[in-house]
Amino acid sequence: MINFKSIVYTLCIFFMVSCVTEKKETNEEMIKTNDYAEDSHSYAKPNEAVAKHLLLDIEVNFDQKIITGSATYTIEHENASSIVFDVKNLKINRVVVDGKEVTFKLGEENPILGQSLTVPVKKDSKEVAITYETTAQTEALQFLNPQQTADKTHPFLLTQGQAILTRTWIPIQDSPQLRLTYTAHVKVPKELLAIMSAENPKEKNDSGIYSFEMKQPISPYLIALAVGDLVYKEISPRTGVYAEKSMIEKVHYEFADMEKMVKAAEGLYGEYAWEQFDVVVLPPSFPFGGMENPRLTFATPTVIAGDRSLTSLVAHELAHSWSGNLVTNATWNDFWLNEGFTVYFEMRIMEALYGKEYANMLASISRQDLAEEIENFHDQAEATRLKLDLKGKNPDDGMNSIAYDKGYLFLRALEEHVGREKMDAFLKQYFTEHAFSTMTTERFVNYMNEELLLKNNIAFNYDKWIYKAGIPGNAVKIQSDKFEKVDKVLADWRYKTIEASEVCAQDWNIQQKIHFIRNIPEDLYDGLFEKLDAACNYTHATNSYIAMVWFEQAINHDYHGNNVDEQIENFLMNVGRRWYVSTIYKALKRNNRLEEAKKIYAKARPNYHSVTVNTIDEMLGVSY
Ligand SMILES: [Zn+2]
């Protein structure tokens, strides 16, 4: 970003005349430049006063399952009388401005947003220190008992900030456009290691106190902490993995290509800006596949398949180091700018490493996900636009396949229209020019218009993609030769030209197996589904992705053989990844097994993170 103050100064020295007028105009311009997008999911008033640096000083208390400590902010403002933070389910004990305790005000509580925390400031106020503690309702945190971890000997803590949960464990101006740097001191029990989305320790120390520094300004949702009995293993000088001891070798094997991925990504869109790229593999209750916390991606253990078959997840999280972390959606209505670009980028990394056909298979899966999501939204067409209006709603509602897969399909259509060379040059320029800043959909559209379309004299109907529902007619057809072969086997098996054993004997990779299982039609000859499982034993698949899609099909086909119901229950009890468990609960509900779903859920719910709980509570219509 251009620093306006230094430009004014240089202009004044250079021209020496009419500096006062010059300065006045530039000041007005400066205010315009600082104009933040309206964010209906934050109470902060950044145009009045904004926090630029956070000093976090906290202690993690595993006995009480709380975090206590203080958040001290360096603030910037011009004559503001107050600064407003976001808080949710936090106990605020004391607020001090420049060393003097002040009377703060907590606003009315909103079930989605939480409360505003208004702190009075004076003209020259520079520092606000908030002493606080988290509560049992704090949604970002998940405290796990030893039984819920891989090693089963020590407790674990993980945080999940996206979309608006950071305010539940740190009082903060919680809008993605309000980037800040941070320093943290975290005290944990001596037998545990703390790591954050920052420069990290590689081993435990004797004091149990760890210090962190994130020098680059990041969005609040990217502040993250994990605490557990973790060890580190390097892959290359700038990449490596953290995991519990019993997992570390498997994790290290699974993600062995990380350095190659970083190099491939840099080859596409420029230098990796965050120095270090590590992944921590968390216990199975982690609600997402991965979370792109800068320098330290958080990942689910469900991708540790033993054969490196699900590592596109790492490519995805790595891609976020550009789309999302470097250039960030300004508000949650612009979420597709984070995810659509990232899926596009992920496919390009996978193509660079494993070839076009592999990327096409991933793209075909994404295309099918999108078709199903659009079907899910058949009565809410507006939810299938890329640019959303989530005012009054939980931003989590927008975190679905539309942002990811329609976003991808748009960029793929754009690429095929303008040509790869122009597309890559444009994207590289986009990331370079907007590094460490935030982007609204409108600003992106203007930029794309000027720097890609007008510049090259190309017409492209992006309007329909971004602002209209459904999939426009200029979408490209995704084609995979390997999937076409799978379709042929599927048809032969379905019409009994081949036996189930011949299906299992195919030399297929995970994506082909997924494609086969997902596309098993509803109407089959009697006994065919049973015979398939008898031959291939998908019910006991060790690959969690295969298990998930198979369980969905088993439910759809009213299949109960091979102890599948017990396997489904086990899976739901042990895995907390939202996409996986919600797919299975949804299938149970759809197939008139709601009571059974509720019974399993009542037992499994304590194992899930609040992000998963909120989704499943609503899906099954339960509240606790
Ligand atoms: Zn993502």
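The values are calculated or read from the model by the stated rules, or taken from the named source; none is laboratory data. Just so it is clear, the model here is predicted, and its values are computed rather than measured. A quick note on method: Cβ atoms are made from the backbone with ideal geometry, for glycine too, and the neighbour counts reach across all protein chains shown.
Overview of values
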item	result
Unmet criterion (only one of (1) exposed (fewer than 15 other Cβ atoms within 10 Å of the Cβ); (2) part of a helix (DSSP H, G or I); (3) more than 34 Å from the chain's Cα centre (by Cα)) for Lys485	(3)
Strands (runs of 3 or more DSSP E) completely within the range 233-352 that count 3 or more residues being over 18 Å from Ala163 (Cα atoms) and not aliphatic (A, V, I, L, M)	239-244
Close pairs (6 angstrom Cβ cut-off, 6 or more residues apart or separate chains): assigned by TED's automatic domain parsing to the domain that holds Gln276 and free of Cβ contacts under 8 Å to residues at least 12 places away in the same chain in the range 188-215, surrounded by 14 or more Cβ atoms within 10 Å (Cβ to Cβ) and part of a strand (DSSP E or B) anywhere	Pro201/Tyr210
Contacts under 6 angstrom Cβ, first residue in the range 445-462 being over 19 Å from Gly473 (Cα atoms) and at pLDDT 95 or above, partner part of a loop (DSSP other than H, G, I, E, B) and not aromatic (Phe, Trp, Tyr), 6 or more apart	none
Residue within the range 290-311 that is away from the ligand (no atom under 14 Å from the Cβ) and under 15 Å from the mean Cα position of the chain (by Cα) present	yes
All strands (runs of 3 or more DSSP E) inside the range 66-123 with 2 or more residues being closer than 28 Å to Leu157 by Cβ	66-77, 82-87, 90-97, 115-120
Top-ranked residue of the range 399-410 - restricted to ones that are crowded, with 22+ Cβ neighbours inside 10 Å and within 12 Å of the chain's Cα centre (by Cα), ranked as farthest from Met291 (Cα to Cα)	Ala403
Residues (surrounded by 24 or more Cβ atoms within 10 Å (Cβ to Cβ) and among the hydrophobic types (A, V, I, L, M, F, W, C)) located in the range 306-341	Val314, Ala315, Leu318, Ala319, Trp322, Ala330, Trp332, Phe335, Trp336, Leu337, Phe341
Residue check, Leu192 buried (at least 22 other Cβ atoms within 10 Å of the Cβ) and at pLDDT 95 or above	no
Qualifying residue in the range 324-333 (condition: within 12 Å of the ligand (Cβ to nearest atom) and aliphatic (A, V, I, L, M))	no
Extreme residue, farthest from Ser544 (Cα to Cα), among residues of the range 581-624 that are outside any helix (DSSP H, G or I) and in contact (Cβ under 8 Å) with a residue 12 or more places away in the chain	Tyr624
The one condition in (1) surrounded by 14 or more Cβ atoms within 10 Å (Cβ to Cβ); (2) closer than 21 Å to Lys356 by Cβ that Val503 fails to fulfil	(2)
Any chance Lys215 is surrounded by fewer than 17 Cβ atoms within 10 Å (Cβ to Cβ) and farther than 24 Å from Tyr182 by Cα	no
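Here's the yes/no breakdown for (1) of a type outside the set (A, V, I, L, M, F, W, C); (2) at pLDDT below 50; (3) in contact with a Gly (Cβ under 7 Å, 6 or more places away or on another chain):
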residue: Asn3; (1), (2), (3): yes, yes, no
residue: Asn27; (1), (2), (3): yes, yes, no
residue: Lys32; (1), (2), (3): yes, yes, no
residue: Ala37; (1), (2), (3): no, no, no
residue: His53; (1), (2), (3): yes, no, no
residue: Thr72; (1), (2), (3): yes, no, no
residue: Ile75; (1), (2), (3): no, no, no
residue: Ser81; (1), (2), (3): yes, no, no
